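Worksheet for the structure shown next.
What follows draws every value from the coordinates through simple rules; no lab data is involved. Source: prediction; values computed, not measured. No Cβ is skipped: glycine too gets one built from the backbone with ideal geometry, and neighbour counts run over all protein chains shown.
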Amino acid sequence: MQLVILDRDGVINQDSDDYVKSVDEFELIEGSVEAIAHLHKSGFTVVVATNQSGLARGLFDLDDLEAMHAKLNDAVIDAGGELSGIFYCPHGPDDGCYCRKPETGLIDAIEAEFEVSAAGSPLIGDSIRDLQAGLDKGCEPMLVLTGKGERSLAKLHSSDDDSGIAVDTLPQFANLRAAADYIVDHYTSDVSA
């Protein structure tokens, strides 16, 4: 099994500094669903790992989150793909949890669920904390420039960056579709024809 781990907001759907709080605000980035379907059809196990502190902040509830994820799953299925799981951290930044990226708890949960190591798996995000979580688990982080990607790239190039991410060797893509094309071309899934 070859995992591909995706962040959600800013990678699959449009992000918002005011948080994505409802199914109506959950707007897919053009090409993202097709990218997930492309990965799935190419034999990859695609999962989502997302911080959702809006739950802890009281900005939306679990029913809202489940409605957003149902909308995403339905769109992926309609495109001929499948998401094998959506793992989320419901905590706020001051809760001291182990699952909020850049901590590795979400990736640990993915490994436990699928009984596989995430080491060497592509992890696609738009924020530095996504990439840090992936690095700490031995994943191969990739930055998309949608969502907060441009801001993250600027921070990685700044003198006050202490993330430990080597920006010169970090794969960077315009969007998830471009990243998916790269993964299909450069990684081997273990699905037999």
Counting only residues 5 or more places away or on other chains, whose amide H sits under 5 Å from the amide H of Gly85 once H atoms are built in the peptide plane? Val48
Loop-located chymotrypsin sites (Phe, Trp or Tyr not before Pro) in region 2-101 whose Cβ has at most 13 other Cβ within 10 Å (DSSP): Tyr98
Scan around Leu28 for amide H atoms under 5 Å from its own, H built in the peptide plane at 1.01 Å from N, and keep only partners 5 or more places away or cross-chain. Gln14
Cα gyration tensor, region 113-180 - rounded (a/c under 1.5), prolate or oblate: oblate
Please list, by residue number, everything in region 113-152 whose backbone N is under 17 Å from a paramagnetic label point 7 Å out along Cα→Cβ of Glu30. 145-147
In the structure shown, of Lys41/Lys71; Lys21/Lys148; Lys41/Lys148; Lys21/Lys137, the pairs separated by more than 25 angstrom at the C-alpha atoms are Lys41/Lys148; Lys21/Lys137
Net charge near Ala35, counting Lys/Arg +1 and Asp/Glu -1 over other residues with Cβ under 9 Å of its Cβ? -1
In nanometres, what is the gap between the two model label sites at Ser163 and Asp136, each 7 Å from Cα along Cα-to-Cβ? 1.4 nm
Sort by residue number and name the cysteines in the chain that have no neighbouring cysteine Cβ under 4.7 Å. Cys97, Cys139
Mind listing the phi-derived Karplus ³J(HN,Hα) values for region 101-109, rounded to whole Hz, using 6.51, -1.76 and 1.60 with θ = phi - 60°, and x for any glycine or proline? 4, x, 5, 9, x, 5, 5, 4, 5
